[in-house]
Amino acid sequence: MKVRVLERTQIVPRPLAETFKFFSDSHNLQRLTPQFLQFKFLAPPPEVMHPGTVIDYQIRLYGVPVHWRTRIEIVEAPKKFVDVQEKGPYALWRHSHTFKDVGKGATEMKDRVEYAMPLGPLGEIAYHLFVKRSLAQIFEYRESKLAEIMGS
């Protein structure tokens, strides 16, 4: 299994505690997901995030509904949280969110996603044809939407 890493960094012009609170509120997951994925919760989202919290949702990948279940693995408020895919389209998906106060009321927010494709060689073909580009588009949308919401 080939594990890939996607990393993104964004400066959010909001204090650390406020930025962490925004990202740790599972309701905002829907706000930061591109509309073409048709995100919807399959169960009421949790009000408070803690290790073991599960978030069940559905997205559409190329028109096909996909059930995705995420479990919060680590919470170190207000500096970090990590979610892992329990059910979904990847053989591995581990998403670390880290937050650092950079002064003047701003926060550096870093995403690090470790992921692997399912289905061996077929998954590798899909990665090169679709997935690499789609992930870049999703994270670009997320950065743009966050800038719109948080004023960065």
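The values are calculated or read from the model by the stated rules, or taken from the named source; none is laboratory data. What you see is a predicted model, and the numbers here were worked out from it, not measured in a lab. For neighbour counting, all protein chains shown are included, and Cβ atoms are generated from backbone atoms with ideal geometry for every residue, glycine included.
Out of everything in the stretch 114-140 that is closer than 25 Å to V82 by Cβ and among the β-branched types (V, I, T), what residue ends up being modelled with the highest pLDDT?
My answer is I138.
Do we find that V12 is in contact (Cβ under 8 Å) with a residue 60 or more places away in the chain, closer than 25 Å to M117 by Cα and β-branched (V, I, T) in this structure?
no
With the structure loaded, tell me whether K79 is modelled with pLDDT of 95 or more and out of contact with any strand residue (DSSP E or B) (no Cβ under 9 Å at 6 or more places or on another chain) or whether it fails that test.
Judged against the criteria, K79 is not a match.
Pull up the stretch 57-68, narrow it to residues that are free of Cβ contacts under 8 Å to residues at least 24 places away in the same chain and surrounded by 14 or more Cβ atoms within 10 Å (Cβ to Cβ), then point me to the one that is farthest from S24 (Cα to Cα).
Out of the qualifying residues, it is V66.
I'd like to verify a number: residues in the stretch 1-33 that are under 21 Å from A77 (Cβ atoms) and in a loop (DSSP other than H, G, I, E, B), how many?
6
In the stretch 108-129, which residue that is out of contact with any strand residue (DSSP E or B) (no Cβ under 9 Å at 6 or more places or on another chain) and in a helix (DSSP H, G or I) is nearest to I59 (Cα to Cα)?
A126
From R71, R142, which residue is basic (K, R), assigned to a strand (DSSP E or B) and touching an Asp or Glu at 6+ places or on another chain (Cβ under 9 Å)?
The unique qualifying residue is R71.
Within the stretch 96-139, which residues are loosely packed, with under 12 Cβ neighbours inside 10 Å, among the small types (G, A, S) and farther than 28 Å from F36 by Cβ?
G103
If you go through the stretch 38-53, how many residues are surrounded by 15 or more Cβ atoms within 10 Å (Cβ to Cβ) and at pLDDT 95 or above?
Residues in the stretch 38-53 being surrounded by 15 or more Cβ atoms within 10 Å (Cβ to Cβ) and at pLDDT 95 or above: 2 in total.
Within the stretch 77-107, which residues are acidic (D, E) and either in contact with a helix residue (DSSP H, G or I) (Cβ under 9 Å, 6 or more places away or on another chain) or not in a strand (DSSP E or B) (or both)?
D101
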